[in-house]
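Asks: Before I ask anything, let me first share the structure, which is written out below as structure tokens.
The values are calculated or read from the model by the stated rules, or taken from the named source; none is laboratory data. Quick caveat, the model's predicted, so the values are computed rather than measured. Here Cβ is always computed from backbone atoms with ideal geometry, including for glycine, and neighbour counts include all displayed protein chains.
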Amino acid sequence: MASTRFYTSVFLIIAFSHFLFVSTAPLERRIIGASKLLQGVKGKLFSGSGTYYQVGSGSCGEHDTDSELVVAVNKAQMENGSNPNNNPKCDKMVSITGDQGTVAARVVDTCPACANGALDMSPTTFKRVCGDLAEGVCNISWQFL
């Protein structure tokens, strides 16, 4: 009687272990695929020119001020759709590094004249990243947070 239970248990374990291995593989692939997709945007490092502009009503549909830590992303990377107010990059945070330091700022606008990799910053953001406004432009690196 005991040996019958033992063999039945072993049989069931072997029979159902196949389903355990099959069902976990797709989940693992989905997790890996999702993390690779996130690496495509979040955390990817860009570099280009950093400039500043007079902040006001931006392409994200908000009114911001020069004293806020905000940026306009170049047109190529902003990818405005038919309604730019619904752009998924609006209100995303970016980390920007320049000669004077690193700061986190919020995306609120599009810079149509900026080259791919460039950001147009509020005067406050520019001062913290690049220094004196008289510089006008500096080299930066940045990424979405």
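Asks: Taking the condition within 19 Å of residue 138 (Cβ to Cβ), hydrophobic (A, V, I, L, M, F, W, C) and buried (at least 20 other Cβ atoms within 10 Å of the Cβ), does residue 72 pass? Walk me through how you get there before you give the answer.
Replies: Working: within 19 Å of residue 138 (Cβ to Cβ): yes; hydrophobic (A, V, I, L, M, F, W, C): yes; buried (at least 20 other Cβ atoms within 10 Å of the Cβ): yes.
In short, yes.
Asks: Is it true that residue 90 is surrounded by 15 or more Cβ atoms within 10 Å (Cβ to Cβ), in contact (Cβ under 8 Å) with a residue 24 or more places away in the chain and touching a Cys at 6+ places or on another chain (Cβ under 7 Å)? I'd like the intermediate steps shown before the answer.
Replies: Values: surrounded by 15 or more Cβ atoms within 10 Å (Cβ to Cβ): yes; in contact (Cβ under 8 Å) with a residue 24 or more places away in the chain: yes; touching a Cys at 6+ places or on another chain (Cβ under 7 Å): yes.
Judged against the criteria, residue 90 is a match.
Asks: Also, I was wondering about something else. Output the qualifying pairs, or none if there are none: Cβ atoms under 7 angstrom, residues six or more apart or on different chains, first residue in region 119-132 and closer than 14 Å to residue 102 by Cα, second residue among the charged types (D, E, K, R) and surrounded by fewer than 18 Cβ atoms within 10 Å (Cβ to Cβ).
Replies: 124/66; 124/68; 130/99; 131/99
Asks: Kindly indicate whether residue 122 is over 15 Å from the mean Cα position of the chain (by Cα), on the phi < 0 side of the Ramachandran plot, surrounded by 15 or more Cβ atoms within 10 Å (Cβ to Cβ) and modelled with pLDDT of 95 or more. So that I can check it myself, show each step before the final result.
Replies: On the way: over 15 Å from the mean Cα position of the chain (by Cα): yes; on the phi < 0 side of the Ramachandran plot: yes; surrounded by 15 or more Cβ atoms within 10 Å (Cβ to Cβ): yes; modelled with pLDDT of 95 or more: yes.
Here the answer is yes, as residue 122 does meet what is asked.
Asks: Search region 95-115 for residues being more than 21 Å from residue 64 (Cα to Cα), touching a residue at least 40 places away in the same chain (Cβ under 8 Å) and over 16 Å from the mean Cα position of the chain (by Cα), and hand back the single one that is surrounded by the most Cβ atoms within 10 Å (Cβ to Cβ).
Replies: Checked region 95-115; the qualifying residue surrounded by the most Cβ atoms within 10 Å (Cβ to Cβ) is 98.
Asks: If you don't mind, another one. Looking at the structure I just gave you, is residue 59 under 15 Å from the mean Cα position of the chain (by Cα) and either modelled with pLDDT of 95 or more or not in a helix (DSSP H, G or I) (or both)? If you could, list the steps in order and put the result at the bottom.
Replies: Numbers: under 15 Å from the mean Cα position of the chain (by Cα): no; either modelled with pLDDT of 95 or more or not in a helix (DSSP H, G or I) (or both): yes.
In short, no.
Asks: Here's a check for you: in region 125-145, which residue that is under 14 Å from residue 66 (Cα atoms) and surrounded by 22 or more Cβ atoms within 10 Å (Cβ to Cβ) is nearest to the chain's Cα centre (by Cα)?
Replies: Let us first name the residues in region 125-145 that are under 14 Å from residue 66 (Cα atoms), namely 125-128, 133.
Remaining after also requiring surrounded by 22 or more Cβ atoms within 10 Å (Cβ to Cβ): 125-126.
On the way: 125: 19, 126: 20 Å.
Here the residue is 125.
Asks: Still on this structure, I have one more. Of the residues that sit in region 72-110 and are of a type outside the set (D, E, K, R) and in a loop (DSSP other than H, G, I, E, B), which one is nearest to residue 62 (Cα to Cα)? Write out each step before concluding.
Replies: Filtering region 72-110 for residues of a type outside the set (D, E, K, R) gives 72-74, 76-78, 80-88, 90, 93-98, 100-105, 107-108, 110.
Filter again for in a loop (DSSP other than H, G, I, E, B), leaving 80-83, 87-88, 90, 100.
Values: 80: 15, 81: 17, 82: 17, 83: 14, 87: 12, 88: 14, 90: 10, 100: 28 Å.
So the residue we want is 90.
Asks: Does residue 115 count as assigned to a loop (DSSP other than H, G, I, E, B), over 18 Å from residue 43 (Cβ atoms), among the aliphatic types (A, V, I, L, M) and modelled with pLDDT of 95 or more?
Replies: yes
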